[in-house]
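The values are calculated or read from the model by the stated rules, or taken from the named source; none is laboratory data. Nothing here was measured: the structure is a model prediction, and the numbers come from that model. Every residue, glycine among them, receives a Cβ derived from its backbone with ideal geometry; neighbour counts consider all protein chains shown. Keep in mind that these areas ignore ligands, DNA and RNA; they rest on the heavy atoms of the full protein, side chains included. Shrake-Rupley method; radii C 1.70, N 1.55, O 1.52, S 1.80 Å.
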Amino acid sequence: MTVRQYFLPRSLPEALGLLERHGPELLVISGGTVAMPLINEGISLPEAVMGLRRASLDGLQRVNGTLRIGAAATLTQLLRQDDVPILREAARNTDSWSIRNMATVGGNLFTPPPGGDVAVALLALDASVTLAGARRERTIPLTDFYTGFMTNQLASDELLVEIAVPVTREPTAYIKLGRKGANTPAVVTVAVRLAWAGDQVADARIARGAAGPHPVPARQAEHLLVGTRLDADAIAAAGAAAARGCEPFTDGIATDWYRRRMVGVFVGRALEQLAQDGWGALGARGGGR
């Protein structure tokens, strides 16, 4: 069965009206980089498809200390912004330039593991997502958006319309391990953000990708870092906790055992990167150099 209807709404109200009219049988796409290969290969067989490319959901601007990213903004747009460097790094590590020109930030949140590289960075940044329906609009933390493998809080009559990211000067690190240097699925992806009070970690965010059913925070590892000076012992403890607390899987890229091992290694490397950049016990900003 082939696609019989393709809709290209010019506004959010029009898109929500189409969704209300056609219900959950309407396949919603933005860049189409995940859905279209499945359709072309006959794996997904929707009768009706709605594209969001022209629905005015592709804005990207800083407003009062928040970077507001339209769900249909492309990864190339993310590469061009300077407000949140870790998002630039995450976009750069996602696929090839041709895919980044089409793939959207909102779509990345729905990409199954080992994809979702940008979503990992957004999780570490305490991003929130806005979901809109014909009768209501709500904003929830990204941490609450995911409910399981390929499942989330989005209701059948809602669209993801915006991602909001607080803009701060807190140090961040992003590392993706793949089988190749570029344009490769992740073995693991790690994003870290630290808040400092003097020479001690006041708050921490660690997010892991390709280590569970969706991008997941490492809460125990975060807790272990608070109050430390990011010394070697603290880094080792956080890496071990992040590895213990993940739920890796085996696929054609890596085994669950290897992924778990690499979570610990690369959480440690991300934290060491921040220490080498001048944060922590050994850094000038941490008072040790």
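Observations on the structure shown:
- For region 38-47, the condition holds for no residue, the condition being that it is modelled with pLDDT of 95 or more and over 23 Å from Thr184 (Cα atoms).
- When Ala91, Ala121 are screened for being touching a residue at least 40 places away in the same chain (Cβ under 8 Å) and either within 19 Å of Tyr174 (Cα to Cα) or in contact with a Lys or Arg (Cβ under 8 Å, 6 or more places away or on another chain) (or both), only Ala121 passes.
- Between Ala173, Ala164, Ala132, the distinction of being more than 16 Å from the chain's Cα centre (by Cα) and in a strand (DSSP E or B) belongs to Ala132 only.
- For region 251-263, a tally of residues being touching a helix residue (DSSP H, G or I) at 6+ places or on another chain (Cβ under 6 Å) and either modelled with pLDDT under 95 or surrounded by fewer than 21 Cβ atoms within 10 Å (Cβ to Cβ) (or both) returns 1.
- Any chance Gly133 is touching a residue at least 24 places away in the same chain (Cβ under 8 Å), closer than 25 Å to Phe266 by Cα and out of contact with any Phe, Trp or Tyr (no Cβ under 7 Å at 6 or more places or on another chain): no
- Residues satisfying the stated conditions in region 138-154, i.e. open to solvent by less than 70 Å² (accessible area, probe 1.4 Å), more than 21 Å from Gly51 (Cα to Cα), of a type in the set (Ser, Thr, Tyr) and part of a strand (DSSP E or B): Tyr146
- Any hit, region 33-45, residues being in a strand (DSSP E or B), under 17 Å from Leu109 (Cβ atoms) and free of Cβ contacts under 8 Å to residues at least 40 places away in the same chain: no
Residue-by-condition table, conditions (1) open to solvent by 20 Å² or more (accessible area, probe 1.4 Å); (2) touching a strand residue (DSSP E or B) at 6+ places or on another chain (Cβ under 7 Å):
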position	(1), (2)
Thr2	yes, no
Arg10	yes, no
Pro13	yes, no
Leu27	yes, yes
Ser30	yes, yes
Ile39	yes, no
Met50	no, yes
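- Each residue in region 73-127 was checked for being in a loop (DSSP other than H, G, I, E, B), closer than 16 Å to Ala186 by Cα and either open to solvent by 50 Å² or more (accessible area, probe 1.4 Å) or not β-branched (Val, Ile, Thr) (or both), and 9 of them qualify.
- Flag for Gly32 being modelled with pLDDT under 95 and within 22 Å of the chain's Cα centre (by Cα): yes
- Ala242 modelled with pLDDT of 95 or more, among the aliphatic types (A, V, I, L, M) and crowded, with 23+ Cβ neighbours inside 10 Å: yes
- Matching helices (runs of 4 or more DSSP H) fully within region 185-288 where at least 1 residues are among the β-branched types (Val, Ile, Thr) and without any contact (Cβ under 8 Å) to a residue 60 or more places away in the chain: 232-244, 256-276
- On the stretch given as region 271-283, residues that are out of contact with any helix residue (DSSP H, G or I) (no Cβ under 8 Å at 6 or more places or on another chain), surrounded by fewer than 22 Cβ atoms within 10 Å (Cβ to Cβ) and of a type outside the set (D, E, K, R) total 3.
- Restricting region 155-206 to residues that are within 23 Å of Ser98 (Cα to Cα) and among the hydroxyl-bearing types (Ser, Thr, Tyr), the residue that is surrounded by the most Cβ atoms within 10 Å (Cβ to Cβ) is Thr189.
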